[in-house]
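The values are calculated or read from the model by the stated rules, or taken from the named source; none is laboratory data. As the structure is a prediction and not an experimental result, all values here were calculated from the model. Glycine gets a Cβ as well: all are built from the backbone with ideal geometry, and neighbour counts include every protein chain shown. For the accessible areas, the whole protein counts, side chains as well, though only heavy atoms, and no ligand, DNA or RNA atoms are used. Shrake-Rupley method; radii C 1.70, N 1.55, O 1.52, S 1.80 Å.
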Amino acid sequence: MNTVRPTSTLPTSTAGSLPKPSWLAEPEKLWSPWKLDGDELAEGRRDALRLSLLDQQQSGIDIVSDGEQTRQHFVTTFIEHLSGVDFENRRTVRIRDRYDASVPTVVGAVTREQPVFVDDARFLRAQTGQPIKWALPGPMTMVDTLYDAHYGSREKLAWEFATILNQEARELQDAGVDIIQFDEPSFNVFFDEVNDWGVAALERAIEGLTCETAVHVCYGYGIKANTDWKQTLGAEWRQYEAIFPKIQASDIDIVSLECHNSHVPLDLIELIRGKKVMVGAIDVATTAIETPEEVAHTLRRSLQFVDADKLYPSTNCGMAPLPRGVARAKLAALGAGAEIIRSELSA
């Protein structure tokens, strides 16, 4: 396995998306339609990628990404490129057991006819010598974002997706990606499935990779459906407790968590001792901008349960629904907060 060696202790990164420029897509909105098309869209997405990269670099982010400027949505953009899925034949399903959404239908065997993000990843690789991370949807979350009229089994469909994701991941690795992250918010909801087959499907998706791999498990974007759900979870959010033992025993290298302004007991991180941990120190569900000291406080507490050489300061989740200025300020706070803890560790 190739180990990413960023230039600093406590290497910072983002868990997911950054806001798109208003000329590319409607701001502060998920599933926002593109404002460009054809060659202009391709050029616009790459221009946005460069801007997103610059924002990360100026904020002191060590492990950079495309800011998800090249995808409209963290799940459906990948699915759009697969055969066997009908986007015209839509059904309403309950996503994450939380809210209803109109989703495409699986009508036949799902296959990947060509790479989805590989050219974009190669473009990002050419822009920077920093370690780069690329996010893909996880198999279980893909299953939970569709209506299945073909396989008749969530597990069987997840294994098909895992095979497809593995094909894409291997080509992303060959394009120079250092860390491939799989987004699995469903892991915080369907605990029995996670333990029965979810982690196993994820391991199928990373099979044969020599780059580092991560799984991102959070409580969702800062949209109303998710924030309303959080209000029902009580004083302690212990969902991670049900899935960490299985993740701990897996071959996944890095676990990305939601920690700041949440009710997650940080001692749960002890259950994945030995893994690298992306500690979410930025709340994506508010426009309030954290101070560097607030970020440092979250990281300081986390160091009780994760070794310093395995702590990766990050955001709780993606920031696509936030204003761009707010997101930039939050990134800067993340970078500055990590620097506070680096100074303390080196004192």
Six or more apart or on different chains, Cβ atoms under 8 Å: show the pairs whose first residue is in the stretch 121-134 and touching a residue at least 24 places away in the same chain (Cβ under 8 Å) and whose second is polar (S, T, N, Q) and open to solvent by less than 20 Å² (accessible area, probe 1.4 Å). Leu124/Ser65; Ile132/Ser65; Lys133/Ser13; Lys133/Ser65; Lys133/Gln181; Trp134/Ser65; Trp134/Gln181
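Yes/no per residue for (1) buried (at least 19 other Cβ atoms within 10 Å of the Cβ); (2) in contact with a Pro (Cβ under 7 Å, 6 or more places away or on another chain):
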site: Leu124; (1), (2): yes, no
site: Lys133; (1), (2): yes, no
site: Val143; (1), (2): yes, no
site: Leu146; (1), (2): yes, yes
site: Ala158; (1), (2): yes, yes
site: Ala162; (1), (2): yes, yes
site: Asp192; (1), (2): no, no
site: Asp196; (1), (2): no, no
Could you please let me know if Leu233 is in contact with a Cys (Cβ under 9 Å, 6 or more places away or on another chain) and within 19 Å of Gly220 (Cα to Cα)? no
Is there a residue being part of a strand (DSSP E or B), polar (S, T, N, Q) and buried (at least 16 other Cβ atoms within 10 Å of the Cβ) anywhere in the stretch 229-247? no
Within the set of pairs 6+ apart or on separate chains, which have a first residue in the stretch 190-204 that is touching a residue at least 12 places away in the same chain (Cβ under 8 Å) and part of a loop (DSSP other than H, G, I, E, B), a second that is among the acidic types (Asp, Glu) and open to solvent by less than 40 Å² (accessible area, probe 1.4 Å), and C-beta atoms under 9 Å apart? Phe190/Asp144
Within the stretch 26-70, how many residues are outside any loop (DSSP other than H, G, I, E, B) and touching a helix residue (DSSP H, G or I) at 6+ places or on another chain (Cβ under 7 Å)? 8
Please indicate, with yes or no, whether at least one residue in the stretch 303-321 is part of a helix (DSSP H, G or I) and of a type outside the set (Gly, Ala, Ser). yes
Can you go through Leu311, Leu268 and tell me which one is touching an Asp or Glu at 6+ places or on another chain (Cβ under 6 Å) and closer than 20 Å to Val215 by Cα? Leu268
Here are Ala338, Ala296: which of them is closer than 25 Å to Asp178 by Cα, open to solvent by less than 10 Å² (accessible area, probe 1.4 Å), part of a helix (DSSP H, G or I) and touching a residue at least 24 places away in the same chain (Cβ under 8 Å)? Ala338
The stretch 49-85: number of residues that are touching a strand residue (DSSP E or B) at 6+ places or on another chain (Cβ under 8 Å), of a type in the set (Asp, Glu) and touching a residue at least 60 places away in the same chain (Cβ under 8 Å): 3
Check the stretch 271-288 and report whether any residue there is among the basic types (Lys, Arg), over 14 Å from Thr9 (Cα atoms) and surrounded by 16 or more Cβ atoms within 10 Å (Cβ to Cβ). yes
The lone exception for Gly208 - which of (1) over 16 Å from the mean Cα position of the chain (by Cα); (2) crowded, with 24+ Cβ neighbours inside 10 Å; (3) within 27 Å of Phe123 (Cα to Cα) it fails: (2)
Within the stretch 147-187, work out how many residues are under 10 Å from Trp134 (Cβ atoms), polar (S, T, N, Q) and touching a strand residue (DSSP E or B) at 6+ places or on another chain (Cβ under 6 Å). 1
Would a scan of the stretch 25-39 turn up a residue that is open to solvent by less than 30 Å² (accessible area, probe 1.4 Å), in contact (Cβ under 8 Å) with a residue 24 or more places away in the chain, within 15 Å of Ala135 (Cβ to Cβ) and in contact with an Asp or Glu (Cβ under 7 Å, 6 or more places away or on another chain)? no
Output the number of the condition that Arg45 fails; it satisfies all remaining conditions of (1) exposed (fewer than 15 other Cβ atoms within 10 Å of the Cβ); (2) out of contact with any Leu (no Cβ under 6 Å at 6 or more places or on another chain). (1)
